[in-house]
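The block underneath contains the structure these notes are about, expressed in structure tokens.
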Amino acid sequence: MKVKDKRLVVTGIIAAAGFIFGRLAVRGILNLLLGGTMFGGNIL
Amino acid sequence: MKKERKDRIMTIRFGILIFVFSFLLGIASKLFIKPAWSKNYSVKWDDSIGTMISDIAYGAGEKNTFDLYLPQNNTRENYGLVVYLHAGGFASGDKADDAETLEWLCSKGYVAAGINYTLFSEEHSDANVYTQSLEIKEAIPFVVEAAKQAGYNIDKMAVAGGSAGHTLAMIYAYRDGKEAPVPVVFTYGGVGPSSFYQEDWGIFGLNQDDEACAVMFSVMSGNKISPEEIRSGEYLKKVKPIAASEWISNNPVPTVVAYGKHDKMQPFAASIKFETALKENSVDYKYYVLPHSGHGLQNDNKISRQWMESIEEYLEKYMPVK
């Protein structure tokens, strides 16, 4: 794999992780206020 | 060597930027993108759907007003009325908060009404769940009459709400429904406290603290309750007027409800007793538990969808638009 391709893959992984953590953060805050579990039910 | 280091720093900075951007995108997507099916329960309101008359008075209090949503088709002989009561912990909220729901109900051919009630506050420290339930009882004949004056004769009604509004809706349906100006044929809602047994209210620690429990139940019921009465069980008589599940046998109205298993604002344990009461009284009911959700019913969209579909099904069954 070329360095450029590697960088693209890593960027994609970072973007996906950021997106998932963003959604989990909202879920976590809502759970804190209203009650609820971090996982299960809706995907993320 | 220097260039290599500079490149690495740039790559790290770029990575951080991508992460922050994606994180914010994730937050926005969670906050603003609703499941596709939820669009079935909102409409783009305009004159082709109906008209809304706001702030019609039903009493002398500042909050004693309601909004009436009248469907565009005014040629039918009779109409079903759906009253939807707003949430807000008995201390906040407004009928305008439920405009989307009321508009949707109106688009289905129902006359819909959102009723305000006097909220518990410093200014109205004597307001409580009981006085609020009496205000709703007082308001309904005015709602039916206002619809009639506008040319919409009401022959049946449903009463619904969210959280505090759900509690008031259930109280009206089961406790006061027989005195309603038209038959109450259906009640629905979510996360409304339905009973006041000390052992169920662990979410606020009331199951461990008789004094706190006495204060809380006194404020909610408007009846002075002492810690001794909590200990002896005498308090149950005093909270009965606001405990919807104690009134089901009085008027066992078809019911659709949803509760979050991890609710921090109202005790899930109370909703289990509520379901038992529905079963014992042979009510035609649907009771949904959202196993990963709290007071916002926010983590179980699949079950939320089933709940909404049941509401539609029961509306069509008990109050068909003819």
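Among the residues of the stretch B:129-158, write down those that are touching a helix residue (DSSP H, G or I) at 6+ places or on another chain (Cβ under 8 Å) and part of a helix (DSSP H, G or I).
B:V129, B:Y130, B:Q132, B:S133, B:I136, B:K137, B:I140
For B:F23, are the conditions met, namely being closer than 23 Å to A:R27 by Cα, out of contact with any Lys or Arg (no Cβ under 7 Å at 6 or more places or on another chain) and not in a strand (DSSP E or B)?
yes
Go through B:I311, B:I303 for me and flag whichever is closer than 24 Å to A:I29 by Cα and in a helix (DSSP H, G or I).
Going through B:I311, B:I303 in turn, just one is closer than 24 Å to A:I29 by Cα and in a helix (DSSP H, G or I): B:I303.
Quick test for you: out of B:N64, B:N78, B:N73, pick the one residue that is away from chain A (no Cβ under 14 Å) and free of Cβ contacts under 8 Å to residues at least 60 places away in the same chain.
B:N73
List the residue pairs whose Cβ atoms are under 8 Å apart, where the first residue sits in the stretch B:280-292 and is within 13 Å of B:V253 (Cβ to Cβ), the second is polar (S, T, N, Q) and surrounded by fewer than 18 Cβ atoms within 10 Å (Cβ to Cβ), and the two are 6 or more positions apart or on different chains.
Cβ pairs passing all conditions: B:N281/B:S249.
Quick grid of which residues meet (1) more than 13 Å from B:S245 (Cα to Cα); (2) of a type in the set (G, A, S):
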position	(1), (2)
B:A270	no, yes
B:A277	no, yes
B:N281	no, no
B:G296	yes, yes
B:D300	yes, no
B:S310	yes, yes
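Suppose the filter is crowded, with 18+ Cβ neighbours inside 10 Å and not in a strand (DSSP E or B); does B:T118 pass it?
Against the criterion (crowded, with 18+ Cβ neighbours inside 10 Å and not in a strand (DSSP E or B)), B:T118 qualifies.
Can you name every residue in the stretch B:67-85 that is surrounded by 23 or more Cβ atoms within 10 Å (Cβ to Cβ) and of a type outside the set (A, V, I, L, M, F, W, C)?
B:Y69, B:Y79, B:G80, B:Y84
Could you run through the stretch A:11-44 and say how many residues are over 12 Å from the mean Cα position of the chain (by Cα), among the aliphatic types (A, V, I, L, M) and facing chain B (nearest Cβ under 7 Å)?
Residues in the stretch A:11-44 being over 12 Å from the mean Cα position of the chain (by Cα), among the aliphatic types (A, V, I, L, M) and facing chain B (nearest Cβ under 7 Å): 2 in total.
From the set of residues in the stretch B:86-95 that are touching a residue at least 24 places away in the same chain (Cβ under 8 Å) and surrounded by 13 or more Cβ atoms within 10 Å (Cβ to Cβ), which is farthest from B:A127 (Cα to Cα)?
B:K95
Restricting the search to the stretch B:229-245, which residues are closer than 30 Å to B:L315 by Cα and surrounded by fewer than 20 Cβ atoms within 10 Å (Cβ to Cβ)? Before the answer, list the steps.
Applying the first criterion (closer than 30 Å to B:L315 by Cα) to the stretch B:229-245 yields B:240-245.
Scanning the stretch B:229-245 gives B:K240, B:P241.
Find the residue count for the stretch B:294-304, including only residues that are at the interface with chain A (Cβ under 7 Å from one of its Cβ atoms) and more than 16 Å from the chain's Cα centre (by Cα). Break it down into steps so the answer makes sense when it comes.
Applying the first criterion (at the interface with chain A (Cβ under 7 Å from one of its Cβ atoms)) to the stretch B:294-304 yields B:294-296, B:298-301.
Applying the additional criterion that residues be more than 16 Å from the chain's Cα centre (by Cα) yields B:299-301.
Count: 3.
Taking B:I18 as the residue in question, decide whether it is of a type in the set (A, V, I, L, M) and more than 7 Å from chain A (Cβ to nearest Cβ).
no
Computed from the coordinates by the stated procedures, all read-outs in this text should not be read as laboratory data. The structure displayed is predicted, hence computed values, not measured ones. For neighbour counting, all protein chains shown are included, and Cβ atoms are generated from backbone atoms with ideal geometry for every residue, glycine included.
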